[in-house]
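A short worksheet on the structure shown next.
Nothing in this text is a laboratory measurement; each read-out follows from the coordinates by a stated rule. On a predicted model such as this, the values are computed, not experimentally measured, just so you know. Note: ideal-geometry Cβ built from the backbone for every residue, glycine included; neighbour counts use all protein chains shown.
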Amino acid sequence: MSTPVGPYTPIVRAGDWLVVSGQVGLGADGLATGFEAQLRQALDNLAGLVTGAGARLDQIVKTTVFLTSMDDYPALNEIYTSFFDERAGGHRPARSAVGVAALPIGAVVEVEAWVFTG
């Protein structure tokens, strides 16, 4: 899990919900190189926040993935599916994938999530 790159809280509880701010592929050594490495790190960051708040990955009900290139959509599907197969027992949250012009700190992918803990 990395330090926020802006003036926001990475995860907030609202009753039975956890809202996870967008996570980019920023690790201890800086921004990962390339789409696949950034997505894996972003998902690891998201998982760290969710489990750190006492929730499980199979409680994630919605994610939004922001991509600077929709050409990365097939790789997104492969890595995302693998992540949820391995770490959440095959659970599939609802998901949107949105193409954007740019992301903070030069990231090429960002993932946010809603988690229901009730």
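Nothing charged except the Cβ atoms of Lys and Arg (+1) and of Asp and Glu (-1): what's the magnitude of the dipole of the chain about its Cα centre? Round to the nearest 20 debye.
For this selection, approximately 360 debye.
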* Selection of chymotrypsin sites (Phe, Trp or Tyr not before Pro), the range 2-54, meeting DSSP coil and at most 10 other Cβ within 10 Å -> Y8
* Structure fact -> Using eta = 1.306 mPa s and T = 10 °C, Stokes-Einstein with Kirkwood Rh from Cα pairs puts D for the range 11-116, in µm² s⁻¹, at 116 µm²/s
* Please find, in a Gaussian network model of the chain (springs between Cα atoms separated by less than 10 Å), the residue of V12, V108, V65 whose mean-square fluctuation is greatest. => V12
* Asked: Using 7 Å Cα-to-Cβ label points, what is the V19/R95 separation (nm, one decimal)?
  -> 2.3 nm
* To do: Would you kindly derive the ³J(HN,Hα) couplings of the range 93-110 from the backbone phi angles with the Karplus curve 6.51 cos²θ - 1.76 cosθ + 1.60 (θ = phi - 60°), listing them in order in whole Hz, with x for Gly and Pro?
  => x, 4, 8, 10, 10, 10, x, 10, 6, 7, 10, x, 6, x, 5, 10, 8, 9
* **10 Å binning of all Cα-Cα separations within the range 1-55, expressed as whole percents from 0 upward** => 26, 51, 21, 2
* Dipole of the range 11-116 (Lys/Arg Cβ +1, Asp/Glu Cβ -1, origin at the Cα centre): which of Q41, V12, L76 lies farthest to the positive side? -> V12
